[in-house]
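Q: Can you keep this structure in mind? I'll have questions shortly.
The values are calculated or read from the model by the stated rules, or taken from the named source; none is laboratory data. Since the model is a prediction, treat every value here as computed from it, not as a measurement. Positions of Cβ are backbone-derived with ideal geometry, glycine not excepted, and every protein chain shown enters the neighbour counts. What goes into the accessible areas is simple: the full protein's heavy atoms, side chains included, and nothing from ligands, DNA or RNA. Shrake-Rupley method; radii C 1.70, N 1.55, O 1.52, S 1.80 Å.
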Amino acid sequence: MKRHYLAVLLVAASALIGSAVILGMQTPQALQFTGEASPPSPSLSLWYRRPASDNEWVSALPVGNGRLGAMVFGGVVNERLQLNEDTLWAGGPYNPVNPDAKDALPEVRRLLLAGQYAAAARLAGEKVMAKPLAQMPYQTIGNLRLTFPNVKRVENYRRDLDLTTATAHVSYTADGVTFTREVFASAPDQLIVVRLTASVPGHISFEARLQTPQRATVEATSDGDLVMSGVNGDGRGATADGKPIKGALRFESRVRVLATGGSRTISGDAVIVRGANAVTLLIAAATSYRNYADVSADPAASVATSLRRASGKSSDALRTAHVRDYRQLFDRVTLDLGSSPASATPTDQRIRNFAAGGDEALAALYFQYARYLLIASSRPGSQPANLQGIWNDSMSPPWGSKYTVNINTEMNYWPALSTNLEETMTPLTALVKDLSVTGAQTAREMYGAGGWVTHHNTDIWRATAPIDGPQWGLWPTGGAWLAVALWDRYEYNGDREYLRTIYPLLKGSAQFFVDTLVEEPTHKWLVTSPSLSPENLHPFGASLAMGPTMDQQILRDLFTSVIKGARDLGVDRDLQEKWTAVRARLAPMTIGSAGQLQEWLEDWDMKAPEIHHRHVSHLYGLFPGHDIDVRRTPDLAAAVKRSLEIRGDQATGWATAWRINLWARLGDGNHAYEIFKFLLSPERTYPNMFDAHPPFQIDGNFGGASAIAEMLLQCDDGEIRLLPALPSAWKTGRVTGLRARGGFEIDLSWKNGSLERVSVRSLLGNTLRLRRGETVRTAERTSRGASLLFTGDDLRPGTGR
């Protein structure tokens, strides 16, 4: 029997009514919770003594395999698994380039040169910005609802997320029977698996339904599957000819219910299980998306293949394959900052109490949770992690849950290299390859330029034209920043085959700027125009300007990277000379009248409308960029510090995380830690440890983890710095498996704030230069695979392991 769902509220209501009729359901509010469940045995667990209610999405626990995601609420009477598939976005293929842009850009540049900033912004808004102004949002599949029989009281309820196995659990006792649930998202089998067991045989009964706000039908098949089939939502905005961007994707989600003992029947669009000993539910989903220009895949065939392969496996076999696959990534890094009695407290309470001190193990849990989230939302073959990773319960989430590439997408991958999760960057490489194609069309049609460009945002359809209005969108440097992020991976892995893959992307980005940089008339510098300093207004009623500081910093990194890449590959000698000449003419960084690093070519910072603005774009050169270093450029580093003091420590979640990384790079661990305490507070961290922008944006989690790594280990300027920003709160600890540029993997321990021991594994055989304070040790030649041991703050060479 099929049903068409027009709105999720209607579906939810009918599901609850049906559940009450079939199973004698009672509302969760009537339940009594007694007893206090003990903490889960793995200390790396998020855990709670109550379910997440339906309206507390940021209390539910996330699982994911890169492509499929679920939020697990842990209800006793009503369990909700909110589902996502990473290619289910609104709309379809489209080209948003404004046909008037190329003719209008010269006049926009003239107006900027004349200082007529507001007029330039007005013209850009009318003639340059994309059509439509909005891109396409990421969307939810819907929910799997499990409705259980009437109970009055549960004892020792606990739900948790075990980071060591990437498994969510629910357990409780009702009427003398202990019920357990486990949920995991398997990358090897491309499924979400739900396993239900009970301490007494014959006690598992429930009703399963699928719900969706999408245009879809739901059917319970005769063989006991739930099947949802439909099409994605229409895109927001309209094309240049005024027509909406219709949904072009087909999708299917199927749930297979495998019961041991008892009975399994269908009733309408529900599967009913009664009196089973154990039940395994296999959840598969797919769309017709092949790539940004091809939506011809067969989602039903993909889903059928996944289920057919998995159905013949036991739940133990599925779990074993999942855990083995996950742990070969997660187990590479450990972090021990000490333990405390607070670890026996539910996670939401620990978050509330963290700022008071005494729970440094929560900082370690936060760090490892971010690594878990990155593994769960970005795997080879999946889409990159978006603004919410892979988890979204809306048809129109905040900021479309897209790829904001003026900071947020890049921040998602800040911990990937340092915390030994290099493979998670593979989807980012695939994204940039796509953008180099769509961005070449934008460069040609919008700028009349070669190479490729991406502005401040993109989506599943790889749109690259500027969106949202001139204040935010007319920033041409997003693609360059992404290309530099790919180069960073090469600096860690030294893989020439990888370099051959990304070199055309670097080269194409450089070509765009060679073609479009303009000469600043006073000093004859080459600058971007039009551009802006994301997403800040300057004192003249607009954001558009020539050559903002961040652009110049990113372009110095871009040209440095592409020149090095060409040299390593032995190609493009003539272009190396051209790029070197362009890099030499980029506008330098300048210190302003307040001692700050200027955000623009002019000294406008103290007159800007928002001197405490969330973005600290002009400080890119210190982190994650390479223009500024506390030892090599101390005056510029001091100017960054002054800019940070002016901006203030507290901002949105991701912006707070960026500030922590910057203070760590300045070597001030205690200041960085004070800001971290704000990040890991209820104001910026939800009960499930998702980052609170607010609302939820996952980049704060990833930026926070990166900051912890930066406090313990930094690698720049050809050296590895040990404990460069260790806060006094982390008096004693140990970390293993961190990665550094040049192909090094590092374990280190410290006691009472002093370095105790460091072991360095040379993965590529490169020269090693270690620094601890003013002490430097250099090994000019290392053997590939060799381990070197040093002890104490003076880095005495050691022997053994």
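Q: Can you tell me which residue is nearest to the chain's Cα centre (by Cα) among those in the stretch 642-673 that are surrounded by fewer than 20 Cβ atoms within 10 Å (Cβ to Cβ) and more than 21 Å from Gly753 (Cβ to Cβ)?
A: Among those that are surrounded by fewer than 20 Cβ atoms within 10 Å (Cβ to Cβ) and more than 21 Å from Gly753 (Cβ to Cβ), it is Thr652.
Let's see how each residue does on (1) at pLDDT below 95; (2) buried (at least 22 other Cβ atoms within 10 Å of the Cβ); (3) assigned to a loop (DSSP other than H, G, I, E, B); (4) in contact with a helix residue (DSSP H, G or I) (Cβ under 7 Å, 6 or more places away or on another chain):
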position: Met25; (1), (2), (3), (4): yes, no, yes, yes
position: Val58; (1), (2), (3), (4): no, no, no, no
position: Ala70; (1), (2), (3), (4): no, yes, no, no
position: Arg80; (1), (2), (3), (4): no, yes, no, no
position: Asn84; (1), (2), (3), (4): no, yes, no, no
position: Pro106; (1), (2), (3), (4): no, no, no, no
position: Ala120; (1), (2), (3), (4): no, yes, no, yes
position: Ala130; (1), (2), (3), (4): yes, yes, yes, no
position: Gln135; (1), (2), (3), (4): yes, yes, yes, yes
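Q: Could you identify the single residue in Gly570, Gly541, Gly595 that is surrounded by fewer than 16 Cβ atoms within 10 Å (Cβ to Cβ) and at pLDDT below 95?
A: Exactly one residue qualifies, and that residue is Gly541.
Q: Starting from the stretch 718-746, keep only residues that are under 17 Å from Leu795 (Cα atoms) and open to solvent by 10 Å² or more (accessible area, probe 1.4 Å), then list their pairs with residues that are of a type in the set (A, V, I, L, M) and assigned to a loop (DSSP other than H, G, I, E, B) whose Cβ atoms are within a distance under 7 Å, requiring at least 6 positions of separation or different chains.
A: Glu745/Leu763
Q: If you go through the stretch 372-387 one residue at a time, do you hit one that is modelled with pLDDT of 95 or more, in a loop (DSSP other than H, G, I, E, B), farther than 22 Å from Tyr490 by Cβ and open to solvent by less than 10 Å² (accessible area, probe 1.4 Å)?
A: Yes: the stretch 372-387 contains one or more residues that are modelled with pLDDT of 95 or more, in a loop (DSSP other than H, G, I, E, B), farther than 22 Å from Tyr490 by Cβ and open to solvent by less than 10 Å² (accessible area, probe 1.4 Å).
Q: So, Thr197, is that one part of a loop (DSSP other than H, G, I, E, B), modelled with pLDDT of 95 or more and either surrounded by fewer than 24 Cβ atoms within 10 Å (Cβ to Cβ) or out of contact with any His (no Cβ under 7 Å at 6 or more places or on another chain) (or both) or not?
A: The answer is no for Thr197.
Q: Of all residues in the stretch 674-716, how many are open to solvent by 20 Å² or more (accessible area, probe 1.4 Å) and touching a strand residue (DSSP E or B) at 6+ places or on another chain (Cβ under 9 Å)?
A: 5
Q: Also: Can you spot a residue in the stretch 141-148 that is among the hydroxyl-bearing types (Ser, Thr, Tyr), in a strand (DSSP E or B) and surrounded by fewer than 20 Cβ atoms within 10 Å (Cβ to Cβ)?
A: Checked the stretch 141-148: no residue is among the hydroxyl-bearing types (Ser, Thr, Tyr), in a strand (DSSP E or B) and surrounded by fewer than 20 Cβ atoms within 10 Å (Cβ to Cβ).
Q: Quick check on my filter: what residues within the stretch 484-518 are open to solvent by 20 Å² or more (accessible area, probe 1.4 Å) and among the polar types (S, T, N, Q)?
A: Asn493, Thr501, Gln511
Q: I'd like to check something: does the stretch 248-268 contain any residue that is part of a loop (DSSP other than H, G, I, E, B), modelled with pLDDT under 95 and over 35 Å from the mean Cα position of the chain (by Cα)?
A: Yes, the stretch 248-268 contains at least one residue that is part of a loop (DSSP other than H, G, I, E, B), modelled with pLDDT under 95 and over 35 Å from the mean Cα position of the chain (by Cα).
Q: May I ask you to list pairs of residues, at least six apart or on different chains, whose Cβ atoms are under 9 Å apart, with the first in the stretch 353-369 being free of Cβ contacts under 8 Å to residues at least 12 places away in the same chain and the second being small (Gly, Ala, Ser) and part of a helix (DSSP H, G or I)?
A: What qualifies is Asn353/Ala342.
Q: Could I ask something else about it? Filter the stretch 302-346 down to the residues that are out of contact with any Gly (no Cβ under 6 Å at 6 or more places or on another chain), among the acidic types (Asp, Glu) and surrounded by 15 or more Cβ atoms within 10 Å (Cβ to Cβ) and list them by number.
A: Asp325
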